[in-house]
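The values are calculated or read from the model by the stated rules, or taken from the named source; none is laboratory data. Keep in mind that what you see is a predicted model, and the values were worked out from it rather than measured. Here Cβ is always computed from backbone atoms with ideal geometry, including for glycine, and neighbour counts include all displayed protein chains. For accessibility, only protein heavy atoms count, side chains too; no ligands or nucleic acids. Shrake-Rupley method; radii C 1.70, N 1.55, O 1.52, S 1.80 Å.
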Amino acid sequence: MKTNFTIALLWICCLTACQSKDTLIFQDEHEICFDKFYVDAMYPGTESADSTLVSFFFFADNVLELPAELKVNLSGFKLMSDLEFGLRVVEEETTALPDEYMIDEKYIFHANAMSEDSLQYQDVIRVVMRRSERMKTLEKGVRLVVELVPNDRIQLGQVERIRAKIIATTVQTQPVWWTSEVENELLGVYSQKKYKLFLENVDRNAEFNGDLIKNSPDQAIKKALEFKKWLSEQEPAIREDDGSLMVVNV
């Protein structure tokens, strides 16, 4: 009985040591994966596939490049030095052309990089997406799929998170908050051109949304009136792409 007790005590001590602040995850080799799931988690997981959106719509036309920020998680013992790793483009799942993105030759997972809640090793890497003329005609934008590349110091982690999907677009679909009520009583019929002008000249901080309409309707009306005034001052009058006058209904 004493022998069994001693073995149990040693086992508890071992588990406690593996949970010390310098050892966040249990394995002794380093494994890397993205924070987002590229595909739905396998059973019994419940996480859903996700992607990273890069939208040029909210930026001036002369902004030609934007970074896609990808969170990367690392498991294993505490890093004593930076770790290098790579990315490769998954050609068969990518619709973006080579001139629409830029991948670095190598990426760095910095020693002691932590998540905001300090519960895991986490760093952020950036993949540059480039605006192209053809994006204007692609409602769903272009898709870039990248996969982590391991080496002799770092291995791949959870299979559902070794790839990341990035969507780059210049198109903005009608926001959920732009309802028939907003159409009839505030901003009129939605169009990308109208929304872009509204953001560039009135709602520069993109504050006009469902919460503003619900909680501060006076501010929503004020912004709509400001936009209506701005439109009335333009010479020649601004027209929609179909040739009709741009109208605000407030």
*Nearest 10 degrees, 0 to 90: helix 2-18 Cα axis against the chain principal axis*: 30
*Divide by every residue of the chain the summed helix terms, -39500 (n - 2.57) for each DSSP H run of at least 4, and state the resulting mean residue ellipticity at 222 nm, rounded to the nearest 500 deg cm²/dmol.*
-6500 deg cm²/dmol
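I need the trypsin sites (Lys or Arg not before Pro) found in region 90-163, filtered to DSSP loop residues with at most 15 other beta carbons within 10 Å of theirs. Spell out each step's value before the answer.
Values: sites: LYS106, ARG126, ARG130, ARG131, ARG134, LYS136, LYS140, ARG143, ARG153, ARG161, ARG163; in loops: LYS106, ARG131, LYS140, ARG153.
Qualifying residues, ordered by number: LYS106, LYS140, ARG153.
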*Compute the signed sum of charges (Lys and Arg +1, Asp and Glu -1) over the other residues within less than 11 Å, Cβ to Cβ, of GLN120.*
-3
_Answer label, with mean projected area of the Cα convex hull in nm² calculated from the coordinates and candidates (1) 20.2; (2) 11.9; (3) 18.1_ = (1)
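Rounding to the nearest 20 debye, state how big the charge dipole of region 27-124 is about its Cα centre with +1 on each Lys and Arg Cβ and -1 on each Asp and Glu Cβ. Mind dumping the intermediate values first?
Values: 5 positive and 22 negative charges, 49 e Å.
The dipole of region 27-124 has a size of about 240 debye.
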*Along the charge dipole of region 198-250, which of PRO236, SER216, ASN205 sits closest to the positive end, that is, farthest toward it, with unit charges on the beta carbon of Lys, Arg, Asp and Glu (+1, +1, -1, -1)?*
SER216
_For region 57-155, alpha-carbon Rg over 2.2 N^0.38 Å_ = 1.27
*On the accessible surface of the chain, probed at 1.4 Å, how many percent belong to carbon and sulfur atoms?*
54
*What's the angle, to the nearest 10 degrees (0 to 90), between helix 192-201's Cα axis and the longest principal axis of the chain?*
90
